[in-house]
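The values are calculated or read from the model by the stated rules, or taken from the named source; none is laboratory data. Note that the coordinates shown come from a computational prediction; the quantities given were computed from them, not determined experimentally. Neighbour counts are summed over all protein chains in view; Cβ atoms, including those assigned to glycine, are modelled from backbone coordinates with ideal geometry.
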Amino acid sequence: MVANTLKKIRVLIVDDSAFMRKALETILITDENVQVVGHAKDGREAVRLSESLKPDVITMDINMPVMDGLQATAEIMTTNPRPIVVVSSESRQGAASTLRALELGAIEFVAKPSSGIDLDMHSVREDLLRKVRLAAKVRVVRSASRIASAITNADGRAIPSPPAPVSRLAAPTTNDQRFPVVVLAASTGGPATVMRLAPGFTRDFPAAVILVQHMPAAFTTQYATQLAEFTGVRVKEAENNETLTAGTFYICPGGQHLRVMNTGRIQLDGNSGRIHGYLPNIDITMESVAAFAGALSIGVILTGMGNDGAAGARAIKSVGGMVLAQDEATSVIFGMPAEAIKAGAVSQVLGIDDIYAAIEKQVLAISRIAAAGVR
């Protein structure tokens, strides 16, 4: 028999419940390539053990004494970055906290087992192991301190983020219905990445922005609420049959595909299931935007695993639109941008802090074209 020579993934488990720490370890060690190297019962201990043990992955609970999981994630990701997988409830409160952790730089999340019965444990086993394996391959990106400061303080009051910059762009006039449409495409690492990008958009931004983020249905309504804290543009979860308008940042609802019809109305599809493995499917949105907006389309492929968005990027390029891709150095996972680049559909490859300026420059250029009556 040949010995297994693969390097083991070293995991630190953080949870205030001794039962849950044991349950998670029981799941993790069913994979012979995973090794649990430590346990922490609160966030302060997690920060200390993260520094001393240098684990490959941390599983992080949110609600803990002394220091909670949000504070611990913020401190770890700004001082000693490690891939963090949040293990949290899918309740509304749990979703809000999980999104905060993702915005702070956590890589992924899994639903916390709600009981100790075997069926419940097995229901999360594959998801947990898959995401721990994925997180172990991630090159973590240090979180921006501005984002870290936006978590609630000890009194439970949100610390406001700095005001967004004043836009140099003018909103379209009411008699000109043509405007640019920007599609932001993101998957793993997306919430923190979009938080870096969002402050650039202002209330008078003369384009519609659609974010398609691979995310479960239970999370996107809360995501819209939290994203609005970081930007001056109007943010909302997209609704079926509403008319696309400039100056609005739409979030594709989880569990649904989003199309922009030729009439300019949004069509949501929650009945088709996964398409090519993705729900929502980014290609579907980008292809429909290419058909609707033509050369006024802008596609932005951000961090994520897989190839979703590559076909959509080709569609936007084919009608004269522009496609930007996040570079490898600032991507949590370079899969989606790399596939779009490989497809020959990308005009520019940029670091995350340079992407908004490129979007703004293109919006200004094509807004002038639209005002001149060219489409």
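Residues in segment 187-217 that are under 15 Å from residue 107 (Cα atoms) and touching a Cys at 6+ places or on another chain (Cβ under 9 Å): 213, 215.
Any residue at all in segment 247-264 that's part of a strand (DSSP E or B), under 18 Å from residue 299 (Cβ atoms) and of a type in the set (Phe, Trp, Tyr)? The answer is yes, given that some residue of segment 247-264 is part of a strand (DSSP E or B), under 18 Å from residue 299 (Cβ atoms) and of a type in the set (Phe, Trp, Tyr).
Looking at segment 354-366, is at least one residue modelled with pLDDT of 95 or more and assigned to a strand (DSSP E or B)? The answer is no, given that none of the residues of segment 354-366 is modelled with pLDDT of 95 or more and assigned to a strand (DSSP E or B). Could we say that residue 367 is farther than 24 Å from residue 139 by Cβ, touching a Phe, Trp or Tyr at 6+ places or on another chain (Cβ under 8 Å) and buried (at least 22 other Cβ atoms within 10 Å of the Cβ) here? So residue 367 fits the description; yes.
Scanning segment 285-309 for residues that are within 21 Å of residue 189 (Cα to Cα) and part of a helix (DSSP H, G or I) gives 285, 286.
Condition test on residue 325, is it more than 17 Å from the chain's Cα centre (by Cα) and aliphatic (A, V, I, L, M)? Here the answer is no, as residue 325 does not meet what is asked. Among the residues of segment 303-315, none qualifies, meaning not one is over 24 Å from residue 256 (Cβ atoms), surrounded by fewer than 21 Cβ atoms within 10 Å (Cβ to Cβ) and at pLDDT 95 or above. Among the residues of segment 188-203, those identified as in a loop (DSSP other than H, G, I, E, B), farther than 16 Å from residue 99 by Cβ and touching a residue at least 40 places away in the same chain (Cβ under 8 Å) are 201, 203. Filtering 197, 211, 227, 279 for residues that are over 20 Å from residue 305 (Cβ atoms) and either assigned by TED's automatic domain parsing to the domain that holds residue 326 or out of contact with any helix residue (DSSP H, G or I) (no Cβ under 6 Å at 6 or more places or on another chain) (or both) leaves a single hit, 227. Filtered by the rule that a residue be more than 27 Å from the chain's Cα centre (by Cα) and of a type in the set (Ser, Thr, Tyr), segment 6-53 gives 17, 26, 30, 52. For segment 265-292, residues that are modelled with pLDDT of 95 or more and among the small types (Gly, Ala, Ser) total 3.
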